[in-house]
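Structure record follows, encoded as structure tokens.
The values are calculated or read from the model by the stated rules, or taken from the named source; none is laboratory data. Because the structure is predicted, anything quoted here is derived from the model rather than measured. No Cβ is skipped: glycine too gets one built from the backbone with ideal geometry, and neighbour counts run over all protein chains shown. Quick note on the areas: whole protein, heavy atoms, side chains included, nothing else; ligands and nucleic acids left out. Shrake-Rupley method; radii C 1.70, N 1.55, O 1.52, S 1.80 Å.
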Amino acid sequence: MRKGARFSVIAILLLFALLTIGISATIGWRPFFGPNARTLTARTFESTPARLERGQYLAESVMGCFYCHSERDWTAAGTPPIESKKGAGAVFHGGPGKLYAPNITPDTETGIGKWSDDAIARAIREGISLDGHALFPIMPYPNYASLPDEDLASLIVYLRSIPAVRNEVPRSEIVFPVSRIMNTFPQPIESEVPPPDLTDPVKRGEHIARQASCADCHTPNDRGTPIPGMTLAGGFLLEEPPGRVTSTNITSDASGIAGYDEETFLKVMRTGNVGGRMLNPTMPWALYGRMTDDDLKALYAYLRSVPPVKHKIDNTAPPTMCRLCKANHGLGKEN
């Protein structure tokens, strides 16, 4: 072999070695080999009246299952899911590609009717679909990873009880490299997830906020990573059928909800009415307003415990660039 050819081969091998080391030391090989998915078990969850009741409460009052997995009536107050299409799937607006929320009704052809209980459990808490592919984390399985076992069982029992709706939903098409990076997110859960401490109102509210995915909408991010120091300070841009909207500040700063006492907070969550002005329908108050008084009061206690952040947002004002959340929104230039 001539010297030049040998040099080229050595250079290629060296480059390959450096690339291999670099991948191993940074993102790892998971993006290329698929998500870390555990083997499904034969566990099943018995249907009981208590589980049906608890599961309905979680799905329709806390976790918002049908607000994502259903077409919604954007002309009605609170934009509720269309009852005849509840759980039958929907399209998302915005995001890295074409995003669809799948059919989660017990239809055997287009829904989850043929899924085992453990397959549904794995999808909810670990982000793995029946065929083993990773779910895009707009499905907030990282939050649901803390869903205790009994609540998980109750939710699955309830989902199996809703009317089956035949509706074929396309699989999401995620753009590269996000389609590979998302393989790193799912984490297997192979041990018990016990109930959280619900005796302390703040801890209880924190758990509810996680299951309701409050931070997912109310914390701005930079290329998918939450911006440090901006927890629940608003600034996340959402694309909805009525148009673009920016989530608001729900910390206890004056630019957030400092003026809310507990009674006002419960009233806003139940009616969507803030000082005579209705909340943007993207905020699903008609869902969260169904929570019990105790849960809403705990949620309020938790929000009051979060460090206040000054971040002015007003969706009725012309959008301008904000240096804090790095997005264009009403009153952005005043931050």
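Figures for the structure shown
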read-out: Qualifying residue in region 290-310 (condition: buried (at least 18 other Cβ atoms within 10 Å of the Cβ), touching a Leu at 6+ places or on another chain (Cβ under 6 Å) and hydroxyl-bearing (Ser, Thr, Tyr)); value: no
read-out: Those residues of region 171-219 which are open to solvent by less than 70 Å² (accessible area, probe 1.4 Å), more than 30 Å from Ser252 (Cα to Cα) and either under 15 Å from the mean Cα position of the chain (by Cα) or not aliphatic (A, V, I, L, M) (or both), in sequence order; value: Ser172, Pro177, Ser179, Met182, Asn183, Thr184, Pro186, Pro188
read-out: The listed residue being among the β-branched types (Val, Ile, Thr) and within 16 Å of Gly95 (Cβ to Cβ), out of Val178, Val193; value: Val178
read-out: Arg160 vs. criteria open to solvent by 70 Å² or more (accessible area, probe 1.4 Å) and either part of a helix (DSSP H, G or I) or touching a Phe, Trp or Tyr at 6+ places or on another chain (Cβ under 8 Å) (or both); value: yes
read-out: Flag if Leu155 is touching a helix residue (DSSP H, G or I) at 6+ places or on another chain (Cβ under 8 Å), assigned to a loop (DSSP other than H, G, I, E, B), open to solvent by less than 20 Å² (accessible area, probe 1.4 Å) and at pLDDT 95 or above; value: no
read-out: Those residues of region 186-202 which are in contact with a Phe, Trp or Tyr (Cβ under 8 Å, 6 or more places away or on another chain) and more than 16 Å from Met139 (Cβ to Cβ), in sequence order; value: Pro201, Val202
read-out: Checklist (1) touching a strand residue (DSSP E or B) at 6+ places or on another chain (Cβ under 7 Å); (2) not in a loop (DSSP other than H, G, I, E, B) applied to Tyr302, failing item; value: (1)
read-out: The lone exception for Glu192 - which of (1) touching a Leu at 6+ places or on another chain (Cβ under 6 Å); (2) farther than 30 Å from Ser84 by Cα; (3) charged (D, E, K, R) it fails; value: (1)
read-out: In region 27-55, residue most open to solvent (accessible area, probe 1.4 Å) [restricted to those that are modelled with pLDDT under 95 and assigned to a helix (DSSP H, G or I)]; value: Phe33
read-out: Test result for Leu58, touching a Cys at 6+ places or on another chain (Cβ under 9 Å), modelled with pLDDT of 95 or more, open to solvent by less than 70 Å² (accessible area, probe 1.4 Å) and over 21 Å from Val169 (Cβ atoms); value: yes
